[in-house]
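Here the structure comes first, spelled out in structure tokens, and everything after it is commentary.
The values are calculated or read from the model by the stated rules, or taken from the named source; none is laboratory data. Worth saying up front: this structure is predicted, and the values here are computed from it rather than measured. Heads up, the Cβs are rebuilt from the backbone with ideal geometry, glycines too, and the neighbour counts pull from every protein chain shown.
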Amino acid sequence: MLVDVRDGKAYVRFGGGCQGCASADVTLKEGVAKTLQQEIPEIVELDLNPVIVSQEGAVAVDVKLRVAPYAPRPELAHRRLR
């Protein structure tokens, strides 16, 4: 779930766990990308590589982001991030 966007940083919260699982890094990267793309539909491409995880949180070191050209969307006029 997208929790907040502050100072150019997106804060995402995940539940469950995949600690110790061999594919945890892939699961995390895909989860972050999917969550951001669901919450911000203008994102058409998102690549996070690498994502470094510690007890304090996770940091995407390199991010490639492509957004769709601006098109007015009246249904999102009052949308705000939580």
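Checking S54 against (1) over 11 Å from the mean Cα position of the chain (by Cα); (2) among the polar types (S, T, N, Q); (3) surrounded by 11 or more Cβ atoms within 10 Å (Cβ to Cβ): exactly one of these is not met. Which one?
It fails just one condition, (3).
Does any residue of the stretch 18-38 turn out to be in contact with a helix residue (DSSP H, G or I) (Cβ under 9 Å, 6 or more places away or on another chain) and at pLDDT 70 or above?
no
Scan the stretch 39-51 for residues that are surrounded by 12 or more Cβ atoms within 10 Å (Cβ to Cβ), outside any loop (DSSP other than H, G, I, E, B) and not aliphatic (A, V, I, L, M) and jot them down.
Across the stretch 39-51, the qualifying residues are E39, D47.
When you check Y70 against the structure, is it surrounded by 10 or more Cβ atoms within 10 Å (Cβ to Cβ), at pLDDT 70 or above and aromatic (F, W, Y), yes or no?
no
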